[in-house]
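Trainee: Got a structure here, written out as structure tokens. Questions coming.
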Amino acid sequence: MKLQTATRLGLYATLELARDPARTLSSADLAERFGVSTHSLAKVLGTLSAAGLVQGGRGAAGGYRFIGNRRRITLMDIVALFEPAPGNRAKEPGEDTEIGTALQRVLTEIDEIAEATLRSVSLETMLKHPM
Amino acid sequence: MVAIRPAQATDLKAISALDLRLTGSDKPAYWREMLAPERHFLVAETGKGALAGFIAGEVRAWEFGQPAAGWVFAIQVDPRTRLRGVGSALFDALAARFKEQGVTRVRTLVDRKDHLILSFFRAQGMTAGPSLQLDKELP
């Protein structure tokens, strides 16, 4: 499964902060840890903050901490903040043909399994059982 | 806290009733079969002796070509006693019995739209197994 860069960074940042909710890390700290630019991480943290998962900010030096519920929040909750919803996808050319419909059934099957997997893994499970 | 013990014929009524309440399907004969000696059928009981939940499973070898593993057939916990570790206690008790029988893997099948039960098994450290389940409506 291919996730956009922002989605992966959102997952990294949320899990890193959720590891210790008492700890505060700046977007610069997190950017260094994952080897990405502070700018791209600051944007991701803005989205996570608007969703009520993390709190903090104010510039590169401002710290963020995790304020969500580790047992309730799943990987899918984070993915859904950055990826388009499966039902909201624009129709591709050829999708209405017989072959297009058959192919779409296979792709939907894969999406459903991926979504079920992401929805079943809470942050708590992820941090307790690193696979 | 709950006590875990093997299910008996006298528990079947409460087990069937709990299952019917949670799944909407009444299958007393199925639960009676779970009392077979080769199966593990365990109940969790509250301090007052009420049924808090149950789990059923069995060690099966070469099912679908796979070497011996402990299969979890069913688990239910009374919603009134959820979030108190009843499900985990049942799972651990069944896993301990599987280990006593010499198997090192535990396996189950889950409705992929049932996020609650999927999350429960994930929280026990389970991940996708080696098999994919396939299915077809017969013409």
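Trainee: In a Gaussian network model over chain A where Cα atoms closer than 10 Å are linked, find which of A:94, A:56, A:68 has the largest mean-square fluctuation.
Mentor: A:94
Trainee: Exposure proxy check: B:75, A:67 ranked by fewest other beta carbons within 10 Å?
Mentor: Going from least to most buried by this count: A:67, B:75.
Trainee: Run the paramagnetic zone check for residue A:19: 7 angstrom along Cα to Cβ, then residues of segment A:65-105 with backbone nitrogen under 20 Å.
Mentor: Residues A:65-76, A:78-79 fall inside that zone.
Trainee: Which of B:109, B:43, B:29 sits farthest toward the positive end of the charge dipole of chain B, with +1 on the Cβ of Lys and Arg and -1 on the Cβ of Asp and Glu?
Mentor: B:43
Trainee: Where nothing but the Cβ of Lys and Arg (+1) and of Asp and Glu (-1) is charged, how large is the charge dipole of the protein assembly as shown around its Cα centre, in debye to the nearest 20?
Mentor: Numbers: 35 positive and 30 negative charges, 207 e Å.
Here the size comes out at about 1000 debye.
Trainee: Just name one of B:124, B:68, B:57: the one whose Cα is farthest towards the positive end of the charge dipole of chain B (beta-carbon charges, Lys/Arg +1, Asp/Glu -1).
Mentor: Projecting each Cα onto the dipole axis, the largest value belongs to B:124.
Trainee: Could I ask something else about it? Projected onto the charge dipole of segment A:5-128 (+1 at Lys/Arg Cβ, -1 at Asp/Glu Cβ, origin at the Cα centre), which of A:63, A:48, A:36 gives the Cα projection farthest towards the positive end?
Mentor: My answer, from the dipole projection, is A:63.
Trainee: What aspartates and glutamates could a cross-link reach from residue A:2, if we take a straight Cα to Cα line under 17 Å and drop same-chain neighbours fewer than 8 places away?
Mentor: Straight-line reach from residue A:2, under 17 Å: A:77, A:83, A:109, A:111, A:112, A:115.
Trainee: Report the full-extension gain for the segment residue B:133 to residue B:82: residue separation times 0.36 nm, less the Cα-Cα distance, to one decimal in nm. Provide the component values of the computation, followed by the final result.
Mentor: Numbers: separation 51, 0.36 × 51 = 18.36 nm, distance 2.90 nm.
So the chain would gain 15.5 nm between residue B:133 and residue B:82.
Trainee: Would you calculate, for the protein assembly as shown, the mean residue ellipticity at 222 nm contributed by helices, counting each DSSP H stretch of 4 or more residues as -39,500 (n - 2.57) and dividing by all residues, to the nearest 500? Don't skip to the end; give the middle numbers.
Mentor: Values: 10 runs with 114 residues, N = 270.
Here the helix-only value at 222 nm equals -13000 deg cm²/dmol.
Trainee: Next question, about the same structure. Please compute, for peptide B:121-128, the average count of beta-carbon atoms on other protein chains lying within 10 Å of each residue's beta-carbon. Let's see the in-between values first.
Mentor: Numbers: counts 2, 11, 8, 2, 4, 3, 5, 3.
Mean shielding count: 5.
Trainee: Still on this structure, please answer the following. Would you mind calculating the gained length between residue A:110 and residue A:40 on full extension (0.36 nm times residue separation, minus the Cα-Cα distance), in nm to one decimal?
Mentor: Details: separation 70, 0.36 × 70 = 25.20 nm, distance 2.93 nm.
Contour length minus Cα-Cα distance gives 22.3 nm.
Rule-based calculations on the coordinates, nothing more; no lab input. Source: prediction; values computed, not measured. Every residue, glycine as well, gets a Cβ built from its backbone with ideal geometry; the counts of neighbours run over all protein chains shown.
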